[in-house]
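Just so you know, all these numbers are worked out from the coordinates, no wet-lab data involved. The structure displayed is predicted, hence computed values, not measured ones. Heads up, the Cβs are rebuilt from the backbone with ideal geometry, glycines too, and the neighbour counts pull from every protein chain shown.
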Amino acid sequence: MISSKIAIVEGDITQQKVDAIVNAANNSLLGGGGVDGAIHRAAGLGLLAECRRLHGCQTGDAKITRGYNLPADWVIHTVGPIWKGGNRGEDELLASCYRRCLEIATQYEIISIAFPAISTGAYGFPPQLAAKIAVRTVKEFLEGNSSVEQVILVCFSHLSYQYHLSALRKIFG
Ligand code: AR6
């Protein structure tokens, strides 16, 4: 059952005890506000030093580092699209973020992974639409072969939690 591999929780991603957490970063991968700032603060300066060696990341792509002082062993940094009205490929770029993170997780034989609601903060992506794209893309990926057995969608507000739960119910029927 694929639906049993997806959990929606309300909380702080930096506290998740999973193999990998996903960071909603920017193209520089050198830190920022929001979840990115929280992850860098919790991981410590070792994370920034490793990020400097990655030379940035394209929007829709992802790169992996160690987790340093985080409970998670790995951080997968992805760069979501900035919302520009919806006709600039934003949906596909957001789906690509989830897919690329899951592909990298599979390469590293990661079993459990936690995602924040990528692009729904500073990057302005409508949160309800983003929740649908997140759930649909994770479901489609888990239908293929992967080491990943547990995907946790970590919501930072109750409203975000409700959007993800209702997307899950709609998409799984
Ligand atoms: N745990 C889980 N989710 C969180 C946390 C947390 N500790 N903190 C915030 N969120 P954002 P973006 C939620 O702005 O929209 C950064 O400056 C937040 O409520 O962190 O992809 C980067 O460097 C929202 O739902 O990321 C980039 O410049 C979601 O995480 C830019 O922001 C994403 O909000 C990326 O913007």
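What is the order of 90, 50, 109, fewest Cβ neighbours within 10 Å to most?
Working: 90 25, 50 18, 109 10.
By the 10 Å Cβ count, ascending: 109, 50, 90.
Basic side chains Lys and Arg get +1 at the Cβ, acidic Asp and Glu get -1 at the Cβ, and with that the dipole of the stretch 73-173 about its Cα centre reaches some 420 debye. Computed over the chain, the alpha-carbon pair-distance distribution with 5 angstrom bins reads 1, 9, 20, 24, 23, 15, 6, 1, 0, each value a whole percent.
Report, in deg cm²/dmol and to the nearest 500, the calculated mean residue ellipticity at 222 nm for the chain, where each DSSP H run with n ≥ 4 adds -39500 (n - 2.57) and the sum is divided by the residue count. Don't skip to the end; give the middle numbers.
Details: 5 runs with 67 residues, N = 173.
Only helices count here, giving -12500 deg cm²/dmol.
The stretch 18-63: which trypsin sites (Lys or Arg not before Pro) are DSSP loop and have at most 12 other beta-carbon atoms within 10 angstrom? Mind dumping the intermediate values first?
Details: sites: 41, 52, 53, 63; in loops: 53.
Sites meeting the loop and neighbour criteria: 53.
The amide H of residue 114, built 1.01 Å from its N in the peptide plane, has 20, 21, 22, 152 as neighbours under 5 Å, considering only residues 5 or more places off or on other chains.
Using Cβ point charges alone (K and R +1, D and E -1), the dipole size of the chain about the Cα centre works out to roughly 240 debye. Each Lys or Arg adds one and each Asp or Glu subtracts one; over the other residues with Cβ under 11 Å from the Cβ of residue 96, this totals -3. Amide H to amide H distances under 5 Å link residue 31 with 26, where only residues 5 or more positions off or on other chains count and H is placed in the peptide plane. With the crude spin-label approximation of a point 7 Å out along Cα→Cβ, what separation in nm comes out for residue 73 versus residue 49? According to this spin-label approximation, the distance is 2.2 nm.
Projecting the Cα atoms of 42, 137, 94 onto the dipole axis of the chain, where Lys and Arg carry +1 and Asp and Glu carry -1 at the beta carbon, places 94 farthest toward the positive end. 3J(HN,Hα) along the stretch 81-86: x, 7, 5, 10, x, x Hz, from the Karplus curve 6.51 cos²θ - 1.76 cosθ + 1.60 with θ = phi - 60°, whole Hz, x for Gly and Pro.
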